[in-house]
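A short worksheet on the structure shown next.
The values are calculated or read from the model by the stated rules, or taken from the named source; none is laboratory data. All figures in this text were calculated on a predicted structure; none of them were measured in a lab. When we count neighbours, we look across all protein chains shown, and the Cβ atoms used for this are built from the backbone with ideal geometry, even at glycine. We work out accessible area using only protein heavy atoms, side chains counted, and drop any ligands, DNA or RNA first. Shrake-Rupley method; radii C 1.70, N 1.55, O 1.52, S 1.80 Å.
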Amino acid sequence: MTILRVLLLVMLGLSAAACGKFPTYHGPEVTHVVVDKGERRMHLLSSKGVLKSYDVGLGFAPEGDKKIEGDGKTPEGTYIIDRRNPNSQFYLSIGVSYPNEEDRAEARELGKSPGGDIFIHGRPREYRKGGRDWTAGCIAVTDREMRQVYSMVKNGTPITIQP
């Protein structure tokens, strides 16, 4: 009886470990991510149309395009999902390839840095009571939603952030 209990506990532990932080996705490929800043919505698109849509939080100064580091704005333009961080301080995160060459040139004309480290990420507990737009320029969804996004969106996927 004791061996059976130990075996069951080991199997239960292995099952839980296999689940991980996010689910496995087996649906249609996400071919494009579109963020509509005005509507505060993010859409995951496939060749068949919209797969999922989410309400989002943006930078703490959401109006207008990001120009320089520290302006609190979420960038506008077309970028690529280029990296993943399963251990992000904001739960899970996927990176946006900001700044591109145009962004760097605009910041250079202003004599400033364009900044960087723009991500789509979760909303950790300490930020849950804050306002809707609270990031330093990133795109935020709930942690539960971020598990879905993280599993569905692959590196190399284009992302368009619209005003």
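Restricting 108, 84, 144, 132 to those that are more than 10 Å from the chain's Cα centre (by Cα) and at pLDDT 95 or above reduces the list to 108.
Could you tell me whether residue 52 is basic (Lys, Arg) and over 22 Å from residue 147 (Cα atoms)? When the stated conditions are applied, residue 52 does not pass them.
Within region 89-119, the set of residues being open to solvent by less than 50 Å² (accessible area, probe 1.4 Å), aliphatic (A, V, I, L, M) and out of contact with any Phe, Trp or Tyr (no Cβ under 7 Å at 6 or more places or on another chain) comprises 105, 107. For region 11-37, the set of residues classified as open to solvent by 80 Å² or more (accessible area, probe 1.4 Å) and either over 20 Å from residue 144 (Cα atoms) or at pLDDT 95 or above (or both) consists of 11, 12, 14, 29, listed by residue number.
Scan region 144-161 and tell me whether some residue there is hydroxyl-bearing (Ser, Thr, Tyr) and touching a helix residue (DSSP H, G or I) at 6+ places or on another chain (Cβ under 7 Å). The answer is no, given that none of the residues of region 144-161 is hydroxyl-bearing (Ser, Thr, Tyr) and touching a helix residue (DSSP H, G or I) at 6+ places or on another chain (Cβ under 7 Å). Taken over region 38-83, the residue count meeting the criterion of being open to solvent by 40 Å² or more (accessible area, probe 1.4 Å) and of a type in the set (Gly, Ala, Ser) is 4.
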